[in-house]
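Colleague: What follows is a structure written as structure tokens; I'll ask about it next.
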Amino acid sequence: MNIRDALETDLPEIVAIYNAAVPGRMATADLEPISVESRLTWYKECQSTRKPLWVVEEDDRIVGWLSFQTFKKRAAYSATAELSIYIHTDYQGRGIGKKLLAEAIGRGPDLGCETLLALIFAHNDPSLKLFESFGFERWGHLPRVAELDGVKRDLAILGLHLC
């Protein structure tokens with residue numbers, strides 16, 4: 001298993017992994033698949049900030065990714081990053097998310113991150129358990145803020161101070 005910085009040529013696989021999560025209504029608030037073109041600006045923002053986008057390679061293919069994202073575009077929040085992790089459906093349950101999260105926590109301070117956040121649907125137990133197993137605590141709860149197929153869903157805000 002190899003974690004590396006994502007390249008623009010990786011976007012089709014990154015988007016495919018993300019799009020595979022859309023129908024499950026567990027990991028993303030997008031209701032329809034996204035396009036590679038719609039992610040170009042996001043990718044370029046990752047390259048121009050200290051908030052990287054990493055991919056995991058296994059079996060000569062990209063099987064997951066993690067992004068650090070700007071929490072708020074105000075200077076006071078510059079040391080806070082929101083994390084997102086997506087794993088290819090064929091590779092879930094193999095510890096790839098754990099490896100990515102451990103890497104993010106370990107390298108976060110070198111990236112200027114003092115606080116990491118995760119915004120996770122409250123019904124996404126696997127993701128909640130993953131982050132909580134690394135010491136993330138529930139810092140907030142937003143009831144019924146998303147509607148997925150006519151069902152109102154809650155959002156949990158998890159956080160971890162690195163310093």
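Read-outs: derived from the displayed coordinates by stated rules, not from any lab. Note that the structure is predicted; figures quoted are calculated from it, not measured. Every residue, glycine as well, gets a Cβ built from its backbone with ideal geometry; the counts of neighbours run over all protein chains shown.
Colleague: Sort 117-130, 2-15 by the packing proxy (mean of other Cβ within 10 Å over each peptide's residues), most packed first.
Modeller: 117-130, 2-15
Colleague: Right, something else. Quick one: if the Förster radius is 22 Å, what FRET efficiency do Lys99 and Ser133 give, using the C-beta to C-beta distance and rounding to 0.05?
Modeller: 0.95
Colleague: Debye calculation, C-alpha points only, no solvent: report log10 I(q)/I(0) for the chain at q = 0.15 Å⁻¹, in the same order as the q values.
Modeller: -0.83
Colleague: Can you count the Lys pairs in the chain whose Cα atoms are under 16 Å apart, with each pair 8 or more apart or on different chains?
Modeller: 5
Colleague: Can you work out ³J(HN,Hα) from phi for every residue in segment 122-139, in order, using Karplus 6.51 cos²θ - 1.76 cosθ + 1.60 and θ = phi - 60°, giving whole Hz and x for Gly and Pro?
Modeller: Couplings: 5, 8, 8, 4, x, 5, 4, 5, 4, 5, 5, 5, 9, x, 5, 10, 7, 9 Hz.
Colleague: Let me ask something additional. Taking the beta-carbon count within 10 Å as an exposure proxy, list Val56, Val151 from fewest neighbours to most.
Modeller: Fewest to most other Cβ atoms nearby, the residues stand as Val151, Val56.
Colleague: Please report the spacing between the Cα centers of segment 1-59 and segment 106-154 in Å, no decimals.
Modeller: Cα centroid of segment 1-59 versus Cα centroid of segment 106-154: 18 Å apart.
Colleague: Classify segment 73-163 as rounded, prolate or oblate, taking a ≥ b ≥ c as the square roots of the eigenvalues of its Cα gyration tensor: rounded when a/c is under 1.5, otherwise prolate if a/b is larger than b/c and oblate if not.
Modeller: Oblate, since a/c reaches 1.5 and b/c is not below a/b.
Colleague: At most 15 other Cβ atoms within 10 Å and a DSSP loop assignment: could you name the trypsin sites (Lys or Arg not before Pro) in segment 78-112 that fit?
Modeller: Arg94
Colleague: In segment 8-84, which trypsin sites (Lys or Arg not before Pro) are in a loop and have at most 10 other Cβ atoms within 10 Å, using DSSP for the loop call?
Modeller: Lys72, Lys73, Arg74
Colleague: Moving on to the next point. Note down the nm distance, to one decimal, between modelled labels 7 Å out along Cα→Cβ at Glu37 and at Asn19.
Modeller: Calculated label separation equals 1.3 nm.
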